[in-house]
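The values are calculated or read from the model by the stated rules, or taken from the named source; none is laboratory data. Remember, predicted model here, so these are calculated numbers, not experimental data. Cβ atoms come from the backbone with ideal geometry, glycine included; neighbour counts cover every protein chain shown.
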Amino acid sequence: MIKIINASPEVLNGKFNQFSRMMIRGQHRDTTYVVSQLKQYEKQYKKLNLLDVFSENIAGLADALHHRGLDDFAGILYSHLVKLSNISPKQREVFAQRALDVAQKQGDLLHTLARIVDLKKVYQTNGRRRQVIDTLFLEEKQLMAIIKDFEKTKKSYRTYNRGVSSLETYQLRLAMARVDIAKGLLNSNPEAAERKILLAMPTFETFGKNKELSFAQSVLNQVYQRLSR
């Protein structure tokens, strides 16, 4: 592993350009190595107060990798950009959407789910309420697909550092997503909110999640209040 320590801006940019060329040529195949190098570059650019240069470099490299069909790495870079502190709200949305597009293209259900959740969080931070609800529906659909053929989903999972959670975890996440959808539809469409809550509650009962069940019941009570008006 190459250590990049206390380099000048010129040297650092030179090393990053070399790293980028090797990535684009497909010479770096080890995702663990690539992620570790990204963190090292970020640390050094940040020391030099050049985080904007780092984000521009990463964005350009991600686009180049995507153009070359090296989407495993393009997805990693787009996801990394979403988490950078200097990225504007609008840019964050763009990179989160690109990361989602890459995951969907690859057909990896679990990575697609993770990128949907990333995009949802970005919309929440940016106060994009309508888009949050839209991504919750995407999350629900994705979780249903994961649960439907869980063994196949596990085999298609492409990752560098994490295992797959249990089926129960995804079933509970589906129930919680439906509760969140119900909360979002509470005023605009209480009938649809009721349907989502009633779909979610049996899962909480099955797994003995009393706290979640109680919360779902409180949302359902609010739904009934609106329906009775």
Item to check | Any pair with Cβ under 6 angstrom, 6 or more apart, that starts in segment 109-129 at a residue that is touching a residue at least 24 places away in the same chain (Cβ under 8 Å) and ends at one that is among the basic types (Lys, Arg) | outcome: 122/92
Next on the checklist: List pairs: first residue in segment 79-93 and part of a helix (DSSP H, G or I), second residue surrounded by 13 or more Cβ atoms within 10 Å (Cβ to Cβ) and of a type in the set (Lys, Arg) anywhere in the structure, Cβ distance under 6 angstrom, at least six positions apart or on different chains.
Outcome noted: 82/92
Checklist outcome for this item: Of 168, 139, the only residue that is crowded, with 22+ Cβ neighbours inside 10 Å and among the acidic types (Asp, Glu) is 139
Checklist entry - Yes or no: residue 225 in a helix (DSSP H, G or I) and modelled with pLDDT under 95? => result yes
Item to check | Hits in segment 96-126 (condition: of a type in the set (Lys, Arg) and buried (at least 22 other Cβ atoms within 10 Å of the Cβ)) | outcome: 98, 115, 120
Item to check | Evaluation of residue 169 against (1) under 30 Å from residue 33 (Cβ atoms); (2) assigned to a helix (DSSP H, G or I); (3) in contact with a helix residue (DSSP H, G or I) (Cβ under 9 Å, 6 or more places away or on another chain) (one fails), failing number | outcome: (3)
Checklist entry - Within segment 127-136, how many residues are within 13 Å of residue 183 (Cα to Cα) and either under 14 Å from the mean Cα position of the chain (by Cα) or crowded, with 22+ Cβ neighbours inside 10 Å (or both)? => result 2
Next on the checklist: When you scan segment 1-10, do you find a residue that is in contact with a Leu (Cβ under 7 Å, 6 or more places away or on another chain) and more than 30 Å from residue 131 (Cβ to Cβ), even just one?
Outcome noted: yes
